[in-house]
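**Q** Here it is, the structure in full.
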Amino acid sequence: MSPPDSPVENSNPGATLVFAEGARPTACALASLFDSPAMLGIGSVVANRSHLTGNGIEALAGGLAFDLRFADGPAPDGQVIRIEPGEHVAAGVTLLPVVRALAGLVANLALHLPVAAIAWDMAGTVAQPQEFSRAALNWLAGGPFPAQCLTSLTVKSDGSIASEGLVHFTGQEMYLVGAEGEVEATAIRLAVGVVDQLVRQGRLLAPREFTIAGTGLLAEPSQYEDRVWVWRKR
């Protein structure tokens, strides 16, 4: 599924909940969900705001305000709810606490609404709701970073894998150099592990060695761009 084109202006990086035609809840139903025990401790509705068009509401999650806007998208994407950091949070949209709060809000809404897909702006990814919720909530509970939901991993023709969206978490993208004869699924698992390690440690300033799934790797920051190059140790 391609990222939905929405008439709602995507002024800030955020996420989009995509619904089948007629399945999207109303703003009142969504406000009721926030007030229910199902969302206890996850978020709360602040108010309807005049600057939010289409019956938009503002909600709190992790102590941060997010704007939820309703719009009709073109077929086959149906209808959407657009979620963006509120005006007082937007300047720090790529800070880890904001991203964690956004991911948690999106994941929990997807558990309680008939969401068909989730589009995540900062990586241009579109994920199945169950996959996104499971991976994001596991991360928030201390598990591995959801590399295939919050970043995009692209396999190149030579088997190398490049990330997109990791820069929002570490200030750098990742490029895992391909290995001749390696199965693509194995390379992707390595790339997922590398992304998790990089998110945990933050921006890489010097070469570092680490091991993932028994494979020794060398990571080295580029001197010319915001990128980390990763090779398999020989």
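The values are calculated or read from the model by the stated rules, or taken from the named source; none is laboratory data. If you're wondering where the values come from, they're calculated on a predicted model, not measured in any experiment. Heads up, the Cβs are rebuilt from the backbone with ideal geometry, glycines too, and the neighbour counts pull from every protein chain shown. When the accessible area is computed, the model is the full protein with side chains, heavy atoms only, and any ligands, DNA or RNA have been set aside. Shrake-Rupley method; radii C 1.70, N 1.55, O 1.52, S 1.80 Å.
**Q** Return yes when Gly104 is surrounded by fewer than 22 Cβ atoms within 10 Å (Cβ to Cβ), in contact with a Ser or Thr (Cβ under 8 Å, 6 or more places away or on another chain), in contact (Cβ under 8 Å) with a residue 60 or more places away in the chain and of a type outside the set (Asp, Glu) and no when it is not.
**A** no
**Q** Next up: Does any residue of region 204-218 turn out to be closer than 14 Å to Leu166 by Cα and either in contact (Cβ under 8 Å) with a residue 40 or more places away in the chain or not in a helix (DSSP H, G or I) (or both)?
**A** yes
**Q** Looking at this structure, is Phe169 in contact with a Phe, Trp or Tyr (Cβ under 7 Å, 6 or more places away or on another chain) and either open to solvent by less than 70 Å² (accessible area, probe 1.4 Å) or under 24 Å from Pro13 (Cβ atoms) (or both)?
**A** So Phe169 fails the test.
**Q** Right, something else. Take the residues in region 9-53 that are touching a Pro at 6+ places or on another chain (Cβ under 7 Å) and in a loop (DSSP other than H, G, I, E, B), then tell me which one is modelled with the lowest pLDDT.
**A** Taking the candidates together, the pick is Asn12.
**Q** Which one of Val115, Val126, Val99 is surrounded by 15 or more Cβ atoms within 10 Å (Cβ to Cβ), modelled with pLDDT under 90 and closer than 30 Å to Ser32 by Cβ?
**A** It is Val99.
**Q** Now a separate question. Please indicate, with yes or no, whether at least one residue in region 145-155 is open to solvent by 50 Å² or more (accessible area, probe 1.4 Å), farther than 18 Å from Ala101 by Cβ and free of Cβ contacts under 8 Å to residues at least 12 places away in the same chain.
**A** The answer is yes, given that some residue of region 145-155 is open to solvent by 50 Å² or more (accessible area, probe 1.4 Å), farther than 18 Å from Ala101 by Cβ and free of Cβ contacts under 8 Å to residues at least 12 places away in the same chain.
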